[in-house]
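Asker: Below you'll find the structure I mean.
What follows is calculated from the coordinates using simple rules that are stated; it is not laboratory data. Treat the numbers as computed from the prediction; the structure is a model and nothing was measured. Neighbour counts are summed over all protein chains in view; Cβ atoms, including those assigned to glycine, are modelled from backbone coordinates with ideal geometry.
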Amino acid sequence: MDEGQLLAPSGRSETVALVAEADVERAAAAIEHAPLSAHERTLLVPAAADVAADRRSISLAPDGALAPGGYYLLVSPRLKDEAGRRLAGNGARFAFHVAPPPPAARLLTPPAGGEVPWNVGVVRAFAERGRVALLGPGREELVSADARGPVALRLPAPLSAGAEYSLALDGAAAPGQAFTAARCARNAAPALQAGAAQLFVRDTGVTATLVLDWPVQIELTIEDARGAAVTSAAEILCAPPACGPQSFACTGSVRIEGLRPGSDYTLFVTARDDFGFVLRAAPQRFSTIAPLPRAIISEVMASGIDGEYVELLNLGPGTADLEALGLQGSDGIVRPLLGGAPPLPALLEPGVRALAVGASFDPSIYAATIPPDTPILRASTQRLLGRGLSDDAPPVFRLVTLAAVPVELADFPGGNGHCAPGASLQRDEAVPPGSVAAWTCGRTAGTPGRPP
């Protein structure tokens, strides 16, 4: 069999594929034709394909463990042998089921194998189902609770310094889930680094990043000038040293949406630890910004010095001012999309795509594919992000506003090196800005200025 039927330009198979049961009908229809669109590729379970030396078989290795549930192995009806005859089994579907793992319990805080001050009041654990118990040094049950996920085990008495404690699930010891009571006590409320949260503000939401010295249950309340409030809660778990100097090793982020653009708010942070202490940070005032353009990074091409580009798509409804936008890499530097002021305002209308490129970009490489009216935004540096996009694994970067405090509009999570040489990475454009979107290998030579 021709290997080209089995492997797409991305190096993955689009004719023999794994799909979840919920997607089987749409995926089966998709693999009847070639090539698949970026959205259709998201219906397939990401898997590495390996064609045998005799080209008589192919194996698929999923990129990650399959979640419990039903799956199908699909065979495209397009497959033919070397004589052009349809293969037996074309269009076949092979169903199988992934069983859930057996129930297990694990420690959340204190961490397994770690220590905790002897005066802790709560041990936090997790189990999908079953009765979770904390066992004392003599294997006696100290406290238990029915679990349907995270569970808080409130201790009836202080722990014994130097003793070991462990978890059990439904009466059986949980392997490796033990901790030791340290010979020190904790006698201070949790501390927030710099006394405040770091805020990343958008038009209708804010992300608060908090760095603390101890695991906490965090509560954020945002109040407007009229007193209307919204509250969000989260856990920040970590494993700081039980005894010794203070270390700010506990980091977490909380995102709150539903705010009004261009409005003033106050943030209140409350943190509670498992020793009975409470931190109430000083109120933080902030303002949301005016409505932002709904622009996304839709395609990334890492193809040498002259061919790399980042495609931007304005989803509308408003016009995006390209002179007010930039790319921010892992070095934290915000580099404007345009290296100099254009003769006319650089505006991107709704539904229109533009290419952000380095000064060395050669558009003739894509002369046959780039629509003639596609805006090409040349940066001041020869390559994007200063050092360019690695062909093996393009780095993480963000599309941001050019402001004293950059506001993120969209992000690129980085490449994984699984795409074929010369293939771009395509975002699932059906996912709105601000949400996590799937990225898949696109066509060889990309689709600059065009939909995938």
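Asker: So between D170 and A359, what do we pick up on full extension, going 0.36 nm a residue minus the alpha carbon distance? Could you put the intermediate results ahead of the total?
Answerer: Numbers: separation 189, 0.36 × 189 = 68.04 nm, distance 6.45 nm.
Here the segment from D170 to A359 would lengthen by 61.6 nm.
Asker: I've got another one for you. Would you mind computing Rg(Cα) / (2.2 N^0.38 Å) for region 108-263, counting N as its residues?
Answerer: Details: Rg = 18.6 Å, N = 156, 2.2 N^0.38 = 15.0 Å.
Compared with the compact-globule rule of thumb, region 108-263 sits at 1.24.
Asker: Can you give the alpha-carbon Rg of region 252-389 over 2.2 N^0.38 Å, where N counts its residues?
Answerer: The value comes to 1.41.
Asker: Related question: First measure r as the distance between the Cβ atoms of S435 and Q198, then evaluate 1/(1 + (r/R0)^6) with R0 = 22 Å and state the FRET efficiency to the nearest 0.05.
Answerer: Numbers: r = 22 Å, r/R0 = 1.00.
Calculated transfer efficiency: 0.50.
Asker: Full extension from L347 to A29: what is 0.36 nm times the residue separation minus their Cα-Cα distance, to one decimal in nm?
Answerer: On the way: separation 318, 0.36 × 318 = 114.48 nm, distance 3.90 nm.
Full extension from L347 to A29 adds 110.6 nm.
Asker: Moving on. What residue among G434, T369, L212 has its Cα farthest toward the positive end of the dipole of the chain, where the charges are +1 on Lys, Arg and -1 on Asp, Glu, each on the Cβ?
Answerer: L212
Asker: In addition: In region 146-166, which residues have a backbone nitrogen under 17 Å from the label point lying 7 Å from V122's Cα in the Cα-to-Cβ direction?
Answerer: Flagged as within label range: 146-159.
Asker: Here is a further query. How do R154, R202, R56 line up, fewest other C-beta atoms within 10 Å first? Write down the numbers at each step before the final one.
Answerer: Details: R154 11, R202 21, R56 8.
Placing the least packed residue first, the sequence is R56, R154, R202.
Asker: Taking H placed 1.01 Å from N in the peptide plane, check which residues at least 5 places from F397 or on another chain put their amide H under 5 Å from its amide H.
Answerer: Residues meeting the criterion, in which the H sits 1.01 Å from N, are F412, G414.
Asker: Something else about it: Taking the Cα centre as origin and putting +1 on Lys and Arg beta-carbons and -1 on Asp and Glu beta-carbons, what dipole magnitude results for region 20-179, to the nearest 20 debye? It would help to have the intermediate numbers written out before the result.
Answerer: Numbers: 16 positive and 17 negative charges, 63 e Å.
Here the size comes out at about 300 debye.
Asker: If you place +1 on the Cβ of every Lys and Arg, -1 on the Cβ of every Asp and Glu, and leave all else neutral, what size is the dipole of region 105-182 about its Cα centre, to the nearest 20 Debye?
Answerer: Working: 7 positive and 7 negative charges, 42 e Å.
Charge dipole of region 105-182: 200 debye, to the nearest 20.
Asker: When the label point is put 7 Å from the Cα of L142 along its Cα-to-beta-carbon vector, which residues of region 263-298 have a backbone N closer than 16 Å?
Answerer: Hits in region 263-298 for L142 at 16 Å: 274-276.
Asker: Quick query: amide H of G442 versus all other amide H atoms, modeled in the peptide plane; which residues come in under 5 Å with a sequence gap of 5 or more or a different chain?
Answerer: S424, L425, Q426
Asker: With a Förster radius of 56 Å, plug the Cβ-Cβ distance of R93 and F248 into 1/(1 + (r/R0)^6) and report the FRET value to the nearest 0.05. Mind showing how you got there, number by number?
Answerer: Working: r = 53 Å, r/R0 = 0.95.
Calculated transfer efficiency: 0.55.
Asker: Let me ask something else. Can you classify the chain as rounded, prolate or oblate using the Cα gyration tensor, where a ≥ b ≥ c are the square roots of its eigenvalues, rounded means a/c under 1.5, and otherwise it's prolate if a/b beats b/c and oblate if not?
Answerer: Note, shape of the chain comes out oblate.
Asker: Please give the charge dipole size of region 193-287, origin at the Cα centre, charges +1 on K and R Cβ atoms and -1 on D and E Cβ atoms. Round to the nearest 20 debye. Don't skip to the answer; put the middle values down first.
Answerer: Numbers: 7 positive and 10 negative charges, 40 e Å.
That gives region 193-287 a dipole magnitude of about 200 debye.
Asker: Going out from 0 in 5 Å bins, what whole percent of all Cα-Cα distances in region 3-98 drops into each bin?
Answerer: Pairs per bin, as whole percents: 3, 13, 25, 28, 19, 9, 2, 0, 0.
Asker: Give me the distance between the Cα centres of region 144-160 and region 282-310, rounded to whole Å.
Answerer: 44 Å
Asker: For region 261-358, build the charge dipole from Cβ charges (+1 Lys, Arg; -1 Asp, Glu) around the Cα centre, then report which of V352, F268, G307 sits farthest towards its positive end.
Answerer: Checking the options against the dipole of region 261-358, the answer is F268.
Asker: Given the -39500 (n - 2.57) contribution per DSSP H run of 4+ residues, what per-residue ellipticity at 222 nm results for the chain, rounded to the nearest 500 deg cm²/dmol? If you can, show how the numbers build up before the last one.
Answerer: Numbers: 4 runs with 19 residues, N = 452.
Only helices count here, giving -1000 deg cm²/dmol.
Asker: Starting from the amide H of A8, placed 1.01 Å from N in the peptide plane, find each other amide H under 5 Å away whose residue is 5 or more places distant or on another chain.
Answerer: S13, E14
Asker: Report the Stokes-Einstein translational diffusion coefficient (µm² s⁻¹, integer) for region 308-450, Rh taken as the Kirkwood radius over Cα pairs, at 10 °C with viscosity 1.306 mPa s.
Answerer: Working: Rh = 15.6 Å.
Here the translational diffusion coefficient equals 102 µm²/s.
Asker: Using 0.36 nm times the number of residues separating T221 and R285, minus their current alpha carbon distance, what extension gain do you get?
Answerer: Numbers: separation 64, 0.36 × 64 = 23.04 nm, distance 1.18 nm.
Extending this stretch completely gives an extra 21.9 nm.
Asker: Averaging over all projection directions, find the projected area of the Cα convex hull of region 293-353 and quote it in nm² with one decimal place.
Answerer: Numbers: hull surface 19.7 nm².
Average of the hull's projected areas for region 293-353 equals 4.9 nm².
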